[in-house]
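First up is the structure itself, then whatever we jot down about it.
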Amino acid sequence: MASASEPTSAITRKAVALTFAGLCLLNLAVSLDALALSVALPTIAKSLHANTVESYWTGTAFLLSSAVFQPTLAAFSNCFGRRAVVLLSLTMFIVGTIICGTAHTVARILAGRTIQGAGGGGLLVMTYLLVADLLPLQKRAQGMSLISIVWLIGAVSGPIMGAGFSDAVSWRWIFWFTLPFAGMGVVLVGVFLRTPHQGLHTLHAIKSVDWVGAAVFSASLSSFLVAISWGGSMYAWASYQLPLYYQAAKGYTVLISGVALLPQCLGSGISGVATGIIISKTGRYKTITLLGWATLIVGCGLLRLLGVETTVARWIFINVVSGLGIGIIAVAQPIAAQAATAPKHAPMANGLTPFCRALGQAVGIVVGSAIAQNVFKYSLHSFAAGGNSIPDLATLPLMLEDLQGTAAKATLLEALMRSLRAVWWCLFTVAVVGGAVSLAMKELSLASGAPSTAEEPIPDKTQDLEAEGCGTPVAGQIAEVQAAETLTVAN
């Protein structure tokens, strides 16, 4: 018996279009929230009287929760149906947003950000799954480029919005502003979502889920992420090296620092859209994927040229290059992963891509923070020997404002640039490894895997689901997909 959450009616072009509109609104809400908060963390920390560690977790809780819940929610969608998991994720995101918007303590905003992250991660992974459900393989790049446009809008407007709300009104408006987009997404997705995939009857789905496996996987991943987070040097802007550069080294305000992120964000969005169009028209993805890695390698190498005296025109050009590479890879790599995966494993392959990206971001935050903070302290060894205290990178921009024209400021800025360049060299190395691995990627056909998107009944796949066993442990499902992922590079 099919789940009531996945009606067996026809998939019309109108339903697909309206579903995509809903997904775009949901992604816009997530992107605005995530990117606007990046420049508002110092203001939030000051308002809630948060210390350095608490500030760090305010920014990190969302990302860690998102990474932990993505694979589990992707697996649950095979049992309970796509719509049920989308609506569950959206409910968690909205509840978390309300908690954050009304928070007056650090504990409350941390709880809200954790719930938000679980919902936001679910929405991201379900976007990948629904794109695969609703579009044939060769057209999925167009779908992903459409999502890239949405993230471009969020990337362009998010930092500016966050800085504007923080300076002129209240940081709480960052959270309230996203709710209308989430609400409209609820209506569109809830009413018009139809996919070829059908969940199981509720009782059968509950029995089929490997609850122990899901719990063990989530607990293990949580322990790993929290452990490496504690192992790093905790400071609020660990994941936001460029805003730190703009505010500390260049002396820009929070608002101008948000504007300064536009070159990289615009480059990423434009190249992502172009990549989707090219893959859809040519059916080829390897060449443009390698181009993306080459561009990213050059862009990461150019970051080392940034300095205290770098002109506006120069840092704009430097940041555009890395943005172009990021946009290409973000669209091309998921298509490559899907092309290399057997149809029965497609849902987990689609879920694995955003999961690996979120996991990489979480690990990157810790590694980047540890490198930056340790190099910064090492560079100031002589400075500290003279009886001076070494500031935390989180408070460095505010400290430098009081040291205008002093020798101490010059010393601190030199140490800051050494620490940032060490992080950028690490990024360069990772990009080189990613590009080298991608050389082994095979060019596979994108002509297969077309779902039913015309006005025709959705085939009943309930028996197939029962035969496959949607209760396979989450970790086991991911392991099965990773064999196919060796032909590509996980994002």
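Quick look at the values:
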| read-out | value |
| --- | --- |
| Net charge of neighbours whose Cβ lies under 14 Å from the Cβ of Y245, counting Lys and Arg as +1 and Asp and Glu as -1 | +3 |
| Mean Cβ count within 10 Å, highest first, over the residues of peptides 319-330, 256-267 | 319-330, 256-267 |
| Computed label-point distance, nm, for sites L403 and A215 using a 7 Å Cα→Cβ extension | 5.1 nm |
| Separation of the D167 and N374 label points, Cα + 7 Å toward Cβ, nm | 3.6 nm |
| Burial order of peptide ranges 433-440, 68-75, 82-89, 352-359 (average beta-carbon count within 10 Å, highest first) | 68-75, 352-359, 82-89, 433-440 |
| By average C-beta atoms within 10 angstrom, highest first, the peptides 114-126, 171-183 | 114-126, 171-183 |
| Linear extension gain, Q361 paired with H104, 0.36 nm per residue minus alpha-carbon span | 89.7 nm |
| Gain in span if fully extended, T12 to V437, counting 0.36 nm per residue against the direct Cα distance | 149.0 nm |
| Label-point separation in nm, V298 to K46, each point 7 Å along Cα→Cβ | 4.1 nm |
| The range 352-387-the range 416-439 distance, computed between alpha-carbon centres (Å) | 13 Å |
| Shape category assigned to the range 28-93 from the gyration tensor of Cα positions, a/c cut at 1.5 | prolate |
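Coordinate-derived values only; no laboratory data. Being a predicted model, the structure only gives us computed values, none of them experimental. Every residue, glycine among them, receives a Cβ derived from its backbone with ideal geometry; neighbour counts consider all protein chains shown.
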